[in-house]
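Participant: Below is the structure I would like to discuss, written out as structure tokens.
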Amino acid sequence: MSSLFLVRLLLPLAALLLLLPAAGRAEDTSLYQRLGGEPAVRAVMGKTLATVAANPELNHTFKNVNLSRLADRITLFVCAHTGGGCVYQDDSIREIHAGLGITGHEFDAFVAILKSNLDAAGVGTREKGELLRLLAPMKQDIVAP
Ligand code: HEM
């Protein structure tokens, strides 16, 4: 076996062995941690709720709502759904939003604002995609029939 052949075989193998632990670590880390954990999720959710609640076209459901408490609760909800280890014990997302009369447009606007706040906070494309893919199917439970 020529030494050139050995180098050609061993170099990619060595590179792979160096990269594997990093790939393993990324898989092991929960989405919640990768989003920045409690402070980062709380900040993005608080900002999103404040923006929606200040917009007369989107805020009809937020009139008598304590926004700070709601941001805490949604952060807990996100933590519970992204492997953060929190326990969110409450009604289902459908029951929570039942009767609020939320429209599809309001849901889409909420998600668009959340998306731009995730961008502004420097959240990575992968993490942003994972979170938005998790929230998107909830539309059918949040929007009024
Ligand atoms: C995927 C998107 C959404 C998620 C994950 C979400 C999650 C939640 C959660 C977990 C609560 C319960 C808070 C608690 O435990 O008390 C809540 C309440 C609430 N949500 Fe949402 N929500 C979403 C979208 C929306 C949208 C689009 C609107 C309106 C434009 C909205 C309006 C409200 C209001 C007004 C409450 C308070 C209800 C009350 O206290 O009676 N949500 N949401």
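The values are calculated or read from the model by the stated rules, or taken from the named source; none is laboratory data. None of the values given here were measured: they were computed from a predicted structure. In this analysis, Cβ positions are derived from the backbone assuming ideal geometry, glycine residues included, and neighbour counts consider all displayed protein chains.
Participant: Within segment 65-87, count every residue that is of a type outside the set (Lys, Arg) and either modelled with pLDDT under 95 or assigned to a helix (DSSP H, G or I) (or both).
Facilitator: 13
Participant: If a residue counts only when it is surrounded by 11 or more Cβ atoms within 10 Å (Cβ to Cβ) and touching a Leu at 6+ places or on another chain (Cβ under 7 Å), which helices (runs of 4 or more DSSP H) contained entirely in segment 91-145 have at least 1 such residues?
Facilitator: 104-120, 125-135
Participant: Those residues that are farther than 24 Å from residue 28 by Cα, within 14 Å of the ligand (Cβ to nearest atom) and of a type outside the set (A, V, I, L, M, F, W, C), I need them from segment 109-135; list them, please.
Facilitator: 115, 117 - these are the residues of segment 109-135 that are farther than 24 Å from residue 28 by Cα, within 14 Å of the ligand (Cβ to nearest atom) and of a type outside the set (A, V, I, L, M, F, W, C).
Participant: Give me a count of the residues in segment 121-145 that are under 22 Å from residue 39 (Cβ atoms) and among the hydrophobic types (A, V, I, L, M, F, W, C).
Facilitator: Counting residues in segment 121-145 that are under 22 Å from residue 39 (Cβ atoms) and among the hydrophobic types (A, V, I, L, M, F, W, C) gives 6.
Participant: Name the single residue that is nearest to the ligand (Cβ to nearest atom) among those in segment 27-67 being of a type in the set (Lys, Arg) and closer than 21 Å to residue 108 by Cα.
Facilitator: 63
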